[in-house]
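In what follows, a single structure is set out as structure tokens and then discussed.
The values are calculated or read from the model by the stated rules, or taken from the named source; none is laboratory data. Quick caveat: nothing in here was measured; it's all calculated off a predicted structure. No Cβ is skipped: glycine too gets one built from the backbone with ideal geometry, and neighbour counts run over all protein chains shown.
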Amino acid sequence: MSIVSILTDFGQRDNFVGVMKAVILKINPKAKIVDLCHNINPQDIQEGAFILKNSFRYFPKGTVHLVVVDPGVGSSRKKVLVKTQDYYFVAPDNGVLSPALCKEVIQGIVEITEEKYFLKPVSDTFHGRDIFAPVAAYLSLGRDIYDFGKRIKGIKPLDLSEPKRFKNKLIGEVIYIDHFGNLITNITKDEFRDFIGDSDFKICVKKHMINKISHSYQEANRNLPLAIFDSFGNLEISLAFLSAAKYLSLGKGTVVEVIKY
Amino acid sequence: MSIVSILTDFGQRDNFVGVMKAVILKINPKAKIVDLCHNINPQDIQEGAFILKNSFRYFPKGTVHLVVVDPGVGSSRKKVLVKTQDYYFVAPDNGVLSPALCKEVIQGIVEITEEKYFLKPVSDTFHGRDIFAPVAAYLSLGRDIYDFGKRIKGIKPLDLSEPKRFKNKLIGEVIYIDHFGNLITNITKDEFRDFIGDSDFKICVKKHMINKISHSYQEANRNLPLAIFDSFGNLEISLAFLSAAKYLSLGKGTVVEVIKY
Amino acid sequence: MSIVSILTDFGQRDNFVGVMKAVILKINPKAKIVDLCHNINPQDIQEGAFILKNSFRYFPKGTVHLVVVDPGVGSSRKKVLVKTQDYYFVAPDNGVLSPALCKEVIQGIVEITEEKYFLKPVSDTFHGRDIFAPVAAYLSLGRDIYDFGKRIKGIKPLDLSEPKRFKNKLIGEVIYIDHFGNLITNITKDEFRDFIGDSDFKICVKKHMINKISHSYQEANRNLPLAIFDSFGNLEISLAFLSAAKYLSLGKGTVVEVIKY
């Protein structure tokens, strides 16, 4: 198996992703490349980390996850690769891998320094092409992780925003807005259930109040927001057939309060 | 052959399509996945049906067409798979398959109910990942269609808007606007020719009047709209090198009249 | 090896690219298709040529580069294929291949005329699907280039805009704006170095003045533009963590002057 997933903030305007794929296929013509997502907000490490954490486990064992959200490209930030029980990860060491890896069994972390695997000359602005893509391609061929550099002890940590818990209140926030304009919060299904138990509750978002969890977008009134657990286990505020972000004028950072009685 | 085409309204903002591909490859590592289109207007079953109808026949025999335009996700709408002489189709039973299938030789229709093929737990909001992608993947491996549930007699119908024919008038409307801003109507080449025969004609769109069919965008004056048959056989109103939608301020639903003398 | 790269101005709104892939796979089920870029400005041959020139060499030997930026579709413009030492190119003969090929060893140029390879009926508006995709697919199967038509002597030339050199001034312009809002100029690293030598210099863009070349976006003050060589060797004007295009209100055609002392 030689699957390489690619997650970037490169968007789809340019040739950046296409050229990375070319570089991978030149090294491993049999690689199967999957676009995980290229529309992470430019340089938004938190958002890249959130999407990676939600997605990587759906891939087959042995997948190489190539992650390039890299505001520090050209600076002295490290380049790392991590081998877990099931996957490989290749990325700048800026925290973007940290939330995905925190519950994984780590088998090795390597600082990528072995220049013979890099495309030359290495540019100042596109290590995705010149360093990360070739390393991912060689990994997909089965190359040993210690061929690329020396073992290091850890990667840079990153704290994704977490909800705060009070006596009868759980206060979270909107951390992601999807294509449909759904407002994804940092409150997970597990945390919600643990907090609510058998109590009654209401969910407050600005002036809106919601007092149940829906199981289908069709349950809601067209004009009133509903609460639903999204497919990755986060509490989501939505409008039935419209963009909640647009029609409620809400964005990332909006406070969402769960109150129990 | 194990090609899976994917048609959705998921856009390219998120990890939705990438994760569906991961799920497919976990089941069938040899699947060849083709993005047919992911920018169907959110929840627009008519548009999804129109694109599928225009596209599916270009694929190799045996292709599994995975269609996820699914406003009723989580509700009681059925999930279906259809086998025709040449293809498989997997989709929510909301009409999105109907226009594509109306002239096809149907070999079997199955309501998808066999939960052992689903990803668990099945989410409320992403049956594309949890149900449709796994079923498509198993189909691409050659699994029998009756493994997934019981035979049913039909799928939900959907009427795509059709032009209306009067004595000397054929009245259609704009049903799709493409990337270039071309206005695609529901008047097909066959219907146009059958209606016009050897007569002279004019095509009226708001205050604009066109009296011939062009064969190249370069035939037209830069500032005047032209009529041309698009590559899928529909009458299209365009500006030579500009977006007709933008510069003529016209959108979906605009009436287009063909008048013969 | 049978890689087909696709470069178009089709955007990602429609089924155009998906259907081209279907056509290729119907002819060569083993083809490996790579999206190079589909967001060339509509009908912008210069931009397509610039992206192709920057990208094609990253692909493995034997890649078929399928380029469809084709404002003249349906008109009398020729359709060509070119074989170089390492690659094949298939495109309308409108200049889009010219900058990529000017330093390549050409082994043969063919005007594509052999209709038996085309999809029938050939539409007026989508030769990408009906002519170029099938020809690329047959080439990826190893078909001889002279099967598709007769040898011709040359392809249509295209002049990409070049910087102008004066005694102490090198005057270029912004020719491309990427996803991050970076302003890419037509001044190459080689030309810059050759012009500057050991002199001091300043780079002037409207009212902004920059007097060094940075090696990382992080070197700059958040509010001041920096100059950096982009990963394809062109001088780029950027803001550290913002879109230079947006926040400096600059676009394609903006004059960039390098002055030496």
Right, B:SER123: within 23 Å of the chain's Cα centre (by Cα) and surrounded by 15 or more Cβ atoms within 10 Å (Cβ to Cβ) or not?
-> no
Every listed condition ((1) at negative phi; (2) surrounded by fewer than 18 Cβ atoms within 10 Å (Cβ to Cβ)) holds for A:GLY142 save (1)
Taking region A:38-96 and keeping only residues that are aliphatic (A, V, I, L, M), within 21 Å of A:THR185 (Cα to Cα) and within 14 Å of chain C (Cβ to nearest Cβ), one is left with A:ILE40, A:ILE45
With the condition kept exactly as written, say whether any residue in region A:4-16 is assigned to a helix (DSSP H, G or I) and within 14 Å of chain C (Cβ to nearest Cβ).
-> yes
Residues satisfying the stated conditions in region A:17-45, i.e. part of a strand (DSSP E or B) and within 10 Å of the chain's Cα centre (by Cα) | A:LEU36, A:CYS37
Note: among A:LYS83, A:LYS79, just one is of a type in the set (D, E, K, R) and touching a residue at least 60 places away in the same chain (Cβ under 8 Å), namely A:LYS83
What number of residues in region A:18-66 are in contact with a Ser or Thr (Cβ under 7 Å, 6 or more places away or on another chain) and hydroxyl-bearing (Ser, Thr, Tyr)?
-> 1
Per the filter on region A:221-257, residues surrounded by fewer than 19 Cβ atoms within 10 Å (Cβ to Cβ), more than 26 Å from A:ARG57 (Cα to Cα) and of a type in the set (Gly, Ala, Ser) are A:SER243, A:SER249, A:GLY251, A:GLY253
Among A:ILE27, A:ILE3, A:ILE45, the single one that is on the phi < 0 side of the Ramachandran plot and touching a Lys or Arg at 6+ places or on another chain (Cβ under 6 Å) is A:ILE3
Say we look at region B:138-193 and pick out the residues that are over 30 Å from C:VAL68 (Cα atoms) and polar (S, T, N, Q); which of these is modelled with the highest pLDDT?
-> B:SER140
